Amino acid sequence: MAQTTQIAVLGAGPGGYAAAFYAADLGMQVTLIDEEKNPGGVCLYRGCIPSKALLHVAKVVDEAAHASKWGVTYGAPAIDVDKLRAYKQGVVDKLTAGVGSVARLRKVNYVQGRATLTGPKALKVTAASGDTDIQFEHLILATGSHPTKIPSLALDSPRMMDSTSGLELPDVPKSLLVVGGGYIGLELGTVYATLGSKVSVVEMTSGLLPGADRDLVQPLEKRLKTLFAAIMLNTKVVKVAEEKDGIRVTFEGEVAEKEQLFDRVLVAIGRRPNSKVPGLETTRVKVDAKGFIETDPQRRTAEPSIFAIGDVAGEPMLAHKASHEARVAVEAIAGHKAVFEPQAIPAVVFTDPEIAWCGLTEAQAKEQGVDVEVAKFPWGALSRAITVDRPEGLTKLVLEKSTGRVLGVGVSGSGAGELIAEGVLAIEMGASAEDLKMVIHPHPTLSESVMEAAEVFFGQSTHVYKPKKK
Amino acid sequence: MTEFKVPELGENVASGDVAKVLVSVGDTVKKEQPVIELETDKATIEVPSSVAGVVKEVKVKKGDKVQVGAVIFTVDDGAAGNGAGKAAAAPAKPAEVKAEAKPEAPAEVKPEPKPEPRPDPKAEAKPESKPDTKVLPMPQRQAADAAPPAPSPAPAANVLPAAASPAVRRLAREIGVDINAVPGTGPAGRISQEDVKEHARRILSSVGSAGSPAAGGAAARASRPMPDFAKWGEVAREPWSNIRRVTAEHLSYSWNTVPHVTQFDKADVTALEELRKKYKDQVVKAGGNLTVTAMLVKVLATALQKFPQFNASIDPDRGEVIYKKYVNVGVAVDTDRGLLVPVIKQANQKNITQIAVELQQLAEKARDRKLTVDEMSGGSMSLSNLGGIGGTYFTPIVNWPEVAILGVSRGGTEPVWKSTPAGPSGSAEGSFVPRQLLPLSLSYDHRVIDGADAIRFLRWVVEAIEQPFLLSLIG
């Protein structure tokens with residue numbers, strides 16, 4: 001069977017399906033190819049979405065446990081893992097089916113199968129039902145990424161998990177070692193710990209969430225120290241071995257007990273781009289040393305008919321970055337002068353408390369020699385945070401010293417992921433601290449912390465008394 | 001009281017016409033509020049106020065031509081709209097304020113506009129403290145105060161991205177403007193869509209003015225529709241020769257650029273004619289023709305040394321007059337292909353015979369199409385003698401960048417009143433005598449030459465013709 005299409009999109013994650021839908025909306029004929037039954041990709045099937053469903057449950061469990069402090073005592077939670085797994089799966093099914101029906105409404109030709117490029121303008125899709133040859137004018141590669149594997153952690157055992165199998169929630173292990181103190185490890189660690197596992201985290205570097213400003217990480221680190229059995233920093237896993245009762249892990253670094261036994265080990269040490277697309281060598285597409293497909297600011301590869309977006313096209317590997325690149329690439333194909341040039345890409349860690357930041361971090365400002373002033377508003381003075389008994393948060397603004405222009409925003413605290421959107425808007429619009437200060441924020445909400453942090457920059461915040469230094 | 005003056009409007013823009021006055025007496029103006037619309041030859045500019053307060057007096061009206069630095073209005077900053085009492089002081093230095101304080105006719109154009117420095121935001125921060133009303137300073141950042149209200153330079157490259165929203169960045173991209181080069185006028189240097197458009201306009205107008213204005217003028221004329229001449233009778237269409245086209249462009253430019261004045265006089269050439277006839281053969285032997293033109297070249301060469309402003313050019317961009325230390329005289333030559341103007345170089349260092357010989361050679365070259373560009377450039381002043389054909393007077397067009405041209409028409413014998421010396425009775429008596437008179441027309445650039453200077457020059461030329469001995473005496 002042979003087909004022709006104006007645009008073929010390979011990979012139906014939040015980059016690929018956004019590209020396909022937008023192209024269809026612009027009146028192009030689109031073919032979207034993925035191995036899954038419905039569009040969704042890692043994000044919907046094995047990433048953002050299932051993890052957030054589980055984290056929501058974890059948060060409810062945690063809140064219930066805290067309620068005794070407020071005079072409401074619940075019994076110990078009885079956890080039905082099958083039912084929990086089904087709830088999570090229901091969320092995934094609902095969303096992917098939804099995206100699938102939207103694809104049909106848009107008349108996007110969805111082809112399920114595995115694609116092999118046969119040239120700069122052709123590919124072949126292999127499926128159980130047979131092969132399909134597809135001729136395209138343009139191709140958007142949105143093949144995503146996969147969990148990083150390293151030899152020292154390569155052990156073929158059901159007790160060894162990566163983020164994908166971890167989200168499958170096979171059981172609630174008595175003890176779990178999370179390898180990697182990044183956002184994936186901490187999110188999944190939080191889920192398992194709340195469900196009852198004794199969770200230990202091992203991180204190679206000196207702190208959790210490398211890349212985030214330390215003052216934002218601190219409230220989370222404080223809480224995780226009570227939630228987790230152990231946080232081992234500056235420590236490496238050198239060996240894993242299967243035993244009858246679990247996995248024996250050998251550590252190297254700042255840890256007293258060099259050998260420990262865990263029921264399960266979850267490896268979350270990062271993700272690698274899926275750039276080994278079969279048949280890519282039949283095109284001029286170039287792949288860099290880190291495995292990302294090289295693109296220009298329009299996301300066009302070295303092969304003019306082929307674009308690449310999302311995780312496979314470079315850091316940061318985030319769904320919302322992929323969706324934005326999708327629009328850029330489609331507009332470029334449609335002949336517009338679109339380029340990918342965001343001034344802020346928000347990053348959110350959905351732990352409890354959440355951490356979110358965008359734009360320039362304080363550490364980056366220092367590194368790049370940008371003359372900034374940081375204005376912080378601690379949530380201890382934020383009424384809404386006190387009412388929900390979560391005063392440990394922080395909202396900070398990284399501001400250009402001479403003008404007060406907002407260059408970076410960081411939030412640590414419950415709901416930080418929602419609050420950061422205002423920061424992104426402020427940076428993209430070129431807003432100044434004065435603008436944020438003069439925008440009325442609703443009371444009592446956590447968003448007031450953004451306004452009050454801006455007031456701190458001017459040496460006057462309603463709820464923080466901090467006289468201006470001479 | 002504070003004056004708001006026309007700020008620097010941009011490169012090479014020294015003045016503009018007031019297209020609209022957006023404030024009137026009694027209005028409260030804020031900083032950055034547009035107060036007048038100025039039409040310059042490059043663009044219409046909305047001029048934002050750099051001062052705040054209640055308008056006391058508006059010194060311009062629609063249609064006025066104003067220079068950079070001219071006072072637009074004054075405000076009473078005692079009633080400053082700015083709560084901090086931070087009404088800006090005039091950008092001018094105190095001494096200049098004094099000089100400007102005299103009431104000026106609104107439309108008056110200051111003879112020598114001095115571009116003033118852009119208001120320095122730091123310099124304006126002197127509140128006029130009033131003892132009875134105490135205004136508390138608002139919590140303001142020292143740093144934020146320093147944010148200039150005037151367009152701040154684009155942020156240093158590679159450090160910070162341009163402070164422009166995604167939609168503004170898209171606009172810049174689509175019209176081909178580098179967003180990092182756009183000066184932002186908003187708070188914290190934020191770039192608006194207007195800033196992008198203004199920047200694009202500035203780029204376009206600077207490119208436009210670099211092109212040939214003469215070509216622009218020709219284009220403007222060419223743009224008027226042509227009637228269909230064929231409906232009135234037969235016509236023939238021939239290509240416009242290159243030489244005619246260049247002449248047309250050159251003369252159009254000169255005509256549009258140079259404010260022309262032409263003055264007339266007559267020279268008595270009776271004596272000169274006698275000399276000419278007497279020495280004619282001698283010059284022929286040397287290989288030239290002793291013509292009136294050759295003799296006039298010598299006269300002009302001598303006059304140019306005596307009147308240096310006739311041997312000059314104007315550089316309006318630099319505001320300078322260029323005086324030439326060399327004396328080259330161009331002579332218009334009629335050819336079958338059109339008008340050509342070969343130049344006798346260093347005419348002041350040549351005698352009339354040499355000039356006559358050279359003129360002969362150049363005229364032949366002109367008719368044989370052998371003149372080089374070099375032989376046709378570098379003139380100090382030009383001479384156009386149409387006397388061989390006829391006519392009484394004409395108004396020649398200055399051969400820009402020269403500033404003067406002498407036109408010569410046909411001479412003839414005329415009765416001239418000649419008085420005899422006063423007799424014993426004391427009454428002057430005399431009679432008409434026939435004399436040969438040559439009509440002269442001097443066109444000049446009134447920007448550098450005034451009427452009195454021109455007539456002095458022309459009188460000198462006339463006298464030199466009438467008394468050729470003067471040439472040897474001075475030249």
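The values are calculated or read from the model by the stated rules, or taken from the named source; none is laboratory data. Keep in mind it's a predicted model, so treat the numbers as computed, not measured. Glycine also receives a Cβ, built like all others from the backbone with ideal geometry; neighbour counts cover every protein chain displayed.
Just one of the listed residues (B:Q263, B:Q282) is part of a helix (DSSP H, G or I), in contact (Cβ under 8 Å) with a residue 60 or more places away in the chain and not charged (D, E, K, R), and it is B:Q282.
Considering only segment B:56-69, I want to know if a residue exists there that is surrounded by fewer than 17 Cβ atoms within 10 Å (Cβ to Cβ) and modelled with pLDDT under 80. No, that holds for no residue. Only residues that are more than 14 Å from chain B (Cβ to nearest Cβ) and crowded, with 18+ Cβ neighbours inside 10 Å were counted across segment A:423-450, and they come to 6.
Just to be sure before I move on: is A:A67 more than 25 Å from A:E168 (Cβ to Cβ), among the small types (G, A, S) and touching a Ser or Thr at 6+ places or on another chain (Cβ under 9 Å) in the structure I sent? Criteria met by A:A67. What's the number of the condition A:A332 fails, among (1) outside any loop (DSSP other than H, G, I, E, B); (2) closer than 30 Å to A:S51 by Cβ; (3) among the aliphatic types (A, V, I, L, M)? Single failed check for A:A332: (2). Just one of the listed residues (B:T293, B:T270) is in contact with a Lys or Arg (Cβ under 6 Å, 6 or more places away or on another chain) and in the same structural domain as B:P396 (by TED's automatic domain parsing), and it is B:T270. Do you know which of the residues in segment A:374-404 that are within 14 Å of another protein chain (Cβ to nearest Cβ) and of a type in the set (A, V, I, L, M) is surrounded by the most Cβ atoms within 10 Å (Cβ to Cβ)? So, considering only residues that are within 14 Å of another protein chain (Cβ to nearest Cβ) and of a type in the set (A, V, I, L, M), the one surrounded by the most Cβ atoms within 10 Å (Cβ to Cβ) is A:L399.
For segment A:341-369, a residue qualifies if it is within 11 Å of chain B (Cβ to nearest Cβ) and of a type outside the set (S, T, N, Q), and the qualifying residues are A:E341, A:P342, A:A344, A:G359, A:L360, A:A365, A:G369.
Evaluating A:F307 against the criteria (1) under 24 Å from the mean Cα position of the chain (by Cα); (2) farther than 25 Å from A:H146 by Cα; (3) more than 14 Å from chain B (Cβ to nearest Cβ) leaves one unmet condition, (2). Entry remark, segment A:144-191: residues being touching a residue at least 24 places away in the same chain (Cβ under 8 Å) and in a helix (DSSP H, G or I) number 15 in total.
Please tell me if A:L407 is modelled with pLDDT of 95 or more and within 14 Å of chain B (Cβ to nearest Cβ).
Details: modelled with pLDDT of 95 or more: yes; within 14 Å of chain B (Cβ to nearest Cβ): yes.
Judged against the criteria, A:L407 is a match.
Report yes if A:E281 is loosely packed, with under 15 Cβ neighbours inside 10 Å, free of Cβ contacts under 8 Å to residues at least 12 places away in the same chain and either touching a helix residue (DSSP H, G or I) at 6+ places or on another chain (Cβ under 7 Å) or in the same structural domain as A:P442 (by TED's automatic domain parsing) (or both), otherwise no.
No; evaluated as a whole, the condition is false for this residue.
Candidates A:T361, A:T403: the one that is more than 30 Å from A:K69 (Cβ to Cβ), in contact with a Ser or Thr (Cβ under 7 Å, 6 or more places away or on another chain) and among the hydroxyl-bearing types (S, T, Y) is A:T403.
Note down all Cβ pairs under 7 Å where the first residue falls in segment A:78-98 and is not assigned by TED's automatic domain parsing to the domain that holds A:V191, the second is of a type in the set (D, E), and they're at least six residues apart or on different chains. Sorted first by the residue in segment A:78-98, then by its partner, the pairs are A:V81/A:D171. Filtered by the rule that a residue be closer than 20 Å to A:G291 by Cα, surrounded by 13 or more Cβ atoms within 10 Å (Cβ to Cβ) and of a type in the set (A, V, I, L, M), segment A:139-176 gives A:L139, A:I140, A:L141, A:A142. Contact map, segment B:236-259: residues that are more than 18 Å from B:R337 (Cα to Cα) paired with residues that are at pLDDT 90 or above and among the aromatic types (F, W, Y), Cβ distance under 7 Å, separation 6+ or inter-chain. Pairs shown: B:Y253/B:W400; B:S254/B:W400; B:T257/B:W400; B:V258/B:W400. Whenever a residue of segment A:26-38 is more than 21 Å from A:V328 (Cβ to Cβ), its partners that are hydroxyl-bearing (S, T, Y), lying with C-beta atoms within less than 7 angstrom and at least six residues away or across chains, give the pairs A:E36/A:Y45; A:N38/A:T96. Taken over segment A:234-254, residues that are of a type in the set (V, I, T), closer than 15 Å to A:E203 by Cα and in contact (Cβ under 8 Å) with a residue 40 or more places away in the chain amount to 3. Under the condition of being within 12 Å of another protein chain (Cβ to nearest Cβ), crowded, with 20+ Cβ neighbours inside 10 Å and either basic (K, R) or under 34 Å from the mean Cα position of the chain (by Cα) (or both), the residues counted in segment B:171-202 number 4. Considering segment A:27-134, the qualifying helices (runs of 4 or more DSSP H), each wholly inside and each with 3 or more residues that are over 24 Å from the mean Cα position of the chain (by Cα), run over A:48-66, A:81-105.
B:G391 falls short on exactly one of the conditions (1) in contact with a strand residue (DSSP E or B) (Cβ under 9 Å, 6 or more places away or on another chain); (2) at pLDDT 90 or above, and that condition is (2).
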